[in-house]
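Undergrad: The structure's right below; bear with me while I get my questions together.
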Amino acid sequence: MRVRTTIALAMLVALAGCGDTDDPSPTPGTGSPSSSTTASSAGGPEGAAPSGGPIDAPAVAEPVVALLEWDDTGVEAGTRYVKGPEWEALGAKDSSSVELNRDGDSVAIAAGGGRTISEVLMSTAWAVVVRQDKAETAPSEVAVVDLATGEQRDLVTPAPASGGSWALTGGDLYYPTYGDDRAYCLATNALADSNGEDGWCAPARSGWSGLTASEHGVGMMTFDDARPVACRTVNLLDGSGVPQPIDGPKDCTGWDVAATPAGALWSEVPKPRRQEEAHFYASADGTYFDLGPGTTGSALPCGDSVFFVRDPQGDDEPARLMRWTPEHTLEVAYESTSVGNAFLGEPACGGGVLTLSSFGEQGDELVWASVS
């Protein structure tokens, strides 16, 4: 059995004027809010989507088992692997290279001297490979591949920061860059025309991480450098690209966040010394849902839904991949064969195709499934 790699995000603090980074310390939280209502997974009257509860008493969303059609990738679990509708990306074990393949077409990308592959992102039309400086002193180098032609080019501007959080949706790439006085900023690049722009910058002595992106919006966590604990806020970008806190999360406890068709999904960390353990919630049409426990850093938009990982909740329970659907229902999309001592890796999405590593005493696997 492998030692589990913590999924929780590494939170990068930007200190304006010096560019130093640090990890914010744990943030105190409270238990789950009481709930007096339960959201039916079968829908409301005449097939309408379930309605949630008020903000201070979200309806409990009872999960139903609706497993996706999973196929074995033939790749060792834990390997950097992203599958799309046509292409697949396979990383070397030592993160020194990535190879993109499609029915006889192949594009090989090497990290290069002093660099490592830190991100592999894929949409239906594009693949993005980030080559990070191992010393984290030089900007990242980024290869962009047009999946229609297999042509490769470098992302030039804005210059990426080293490391940080990245997200790709359609042909739009979101990533960190440095602004004036080393401010930590959000950059965007429209890959079709190589149109890159600087965006919002974190205020002095604060930072951001945890990017998610889909057709419904872009989410991020922002945080300050307060000690002994940092205050974390989960946000969605508004029309001008400025993060706006969402309604629902308790102050300073948020972690994951993703936009949905009718609201947002987010997580809160109730126990400051157990940052890998989160409780997930969602909003939809002005009502609120309690989605139950999950793993920090695992929220992922893919296809029409948002997914997150749930560890076994008992010795006889499997690890599960949970799915929050546009119909306001919570589904179990994957269950591990192993129970108790089992866990899932961080899921990846490539143009509506999920890939997922599963580990346990009954065997490991790396599987894929299309999301409708």
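The values are calculated or read from the model by the stated rules, or taken from the named source; none is laboratory data. Source: prediction; values computed, not measured. Every residue, glycine as well, gets a Cβ built from its backbone with ideal geometry; the counts of neighbours run over all protein chains shown. Heads up: the accessible areas ignore ligands, DNA and RNA and are worked out on the full protein's heavy atoms, side chains in. Shrake-Rupley method; radii C 1.70, N 1.55, O 1.52, S 1.80 Å.
Undergrad: Give the residue list of GluC sites (Glu not before Pro) in the range 207-309 that are DSSP loop and have at most 14 other beta-carbon atoms within 10 angstrom.
TA: Of the GluC sites (Glu not before Pro), the ones in loops of the range 207-309 whose Cβ has at most 14 other Cβ atoms within 10 Å are Glu215.
Undergrad: Suppose all protein chains stay in the model; what accessible area per residue would a 1.4 Å probe give for the range 224-349, in Å²?
TA: On the way: 4440 Å² over 126 residues.
Ligands and nucleic acids excluded, the result is 35 Å² per residue.
Undergrad: What list of ³J(HN,Hα) couplings, whole Hz, do you get for the range 56-68 from phi and the Karplus terms 6.51, -1.76, 1.60, once you set θ to phi - 60° and write x for glycine and proline?
TA: Once rounded to whole Hz, the list reads 9, 8, x, 6, 6, 8, 7, x, 10, 7, 9, 5, 5.
Undergrad: Among 197-204, 138-145, how do they line up by average Cβ neighbours within 10 Å per residue, starting with the highest?
TA: Values: 197-204: 17.2, 138-145: 19.1.
Final packing ranking: 138-145, 197-204.
Undergrad: Under 5 Å between amide hydrogens, which residues at least 5 positions from Ala125 or on another chain qualify, with H placed 1.01 Å from N in the peptide plane?
TA: Those lying under 5 Å, H to H, from Ala125: there are none.
Undergrad: Between Ala192 and Glu76, what is the spin-label point distance in nm, taking each point 7 Å from the Cα along the Cα→C-beta axis?
TA: Those two pseudo-labels are separated by 4.1 nm.
Undergrad: OK, next. Considering only the other residues whose Cβ falls under 13 Å of the Cβ of Val75, what net charge follows from Lys and Arg at +1 and Asp and Glu at -1? It would help to have the intermediate numbers written out before the result.
TA: Values: positive: Arg80, Lys83, Lys93; negative: Asp71, Asp72, Glu76, Glu88, Glu99, Asp364, Glu365.
Computed value for this residue: -4.
Undergrad: For the range 214-224, take each phi angle, set θ = phi - 60°, evaluate the Karplus expression 6.51 cos²θ - 1.76 cosθ + 1.60, and give the result in whole Hz per residue in order, putting x for glycine and proline.
TA: 7, 5, 8, x, 10, x, 7, 9, 10, 7, 9
Undergrad: Give the dimensionless ratio obtained when the Cα radius of gyration of the chain is divided by 2.2 N^0.38 Å.
TA: That works out to 0.95 for the chain.
Undergrad: What is the Cα coordinate range of the range 202-314 on the first, second and third principal axes, sorted by size from largest, in whole angstrom?
TA: 43, 36, 22
Undergrad: Can you put Thr287, Thr137, Thr295 in order of accessible area, largest first, using a 1.4 Å probe? Please report the intermediate quantities before stating the final value.
TA: Numbers: Thr287 30, Thr137 120, Thr295 5 Å².
These residues rank, largest area first, as Thr137, Thr287, Thr295.
Undergrad: Please give me the summed charge of the neighbours of Val65: other residues whose Cβ is under 14 Å from its Cβ, Lys and Arg +1, Asp and Glu -1.
TA: -2
Undergrad: While we're here: In whole Hz, with x marking every Gly and Pro, tabulate ³J(HN,Hα) for the range 245-262 from phi via Karplus 6.51 cos²θ - 1.76 cosθ + 1.60, θ = phi - 60°.
TA: x, 8, 7, x, x, 5, 4, 6, 10, x, 9, 6, 7, 8, 6, 10, x, 10
Undergrad: Excluding residues fewer than 8 places away in the same chain, name every one of the lysines whose C-alpha is closer than 21 Å to that of Lys271.
TA: Within the straight-line cut-off, Lys271 pairs with Lys250.
Undergrad: Here's something else I'd like to know. Would you list which lysines come within 30 Å of Lys93, measuring only between C-alpha atoms, while excluding same-chain residues fewer than 8 positions from it?
TA: Lys83, Lys134
Undergrad: Moving to a separate point now. What does the charge count near Met220 come to, summing +1 for each Lys or Arg and -1 for each Asp or Glu among other residues with Cβ under 13 Å from its Cβ? Before the final figure, lay out the partial values.
TA: Values: positive: Arg232; negative: Asp238, Asp256.
With Lys, Arg at +1 and Asp, Glu at -1, the net is -1.
Undergrad: Right, another one. Using packing as a proxy for protection, rank 361-368, 106-113 so that the peptide with the highest average count of other Cβ atoms within 10 Å comes first.
TA: 361-368, 106-113
Undergrad: Where the accessible area of the range 229-372 is counted over protein heavy atoms with a 1.4 Å probe, how much of it, in %, is carbon and sulfur?
TA: Answer for the range 229-372 is 44 percent, counting heavy atoms of protein chains only.
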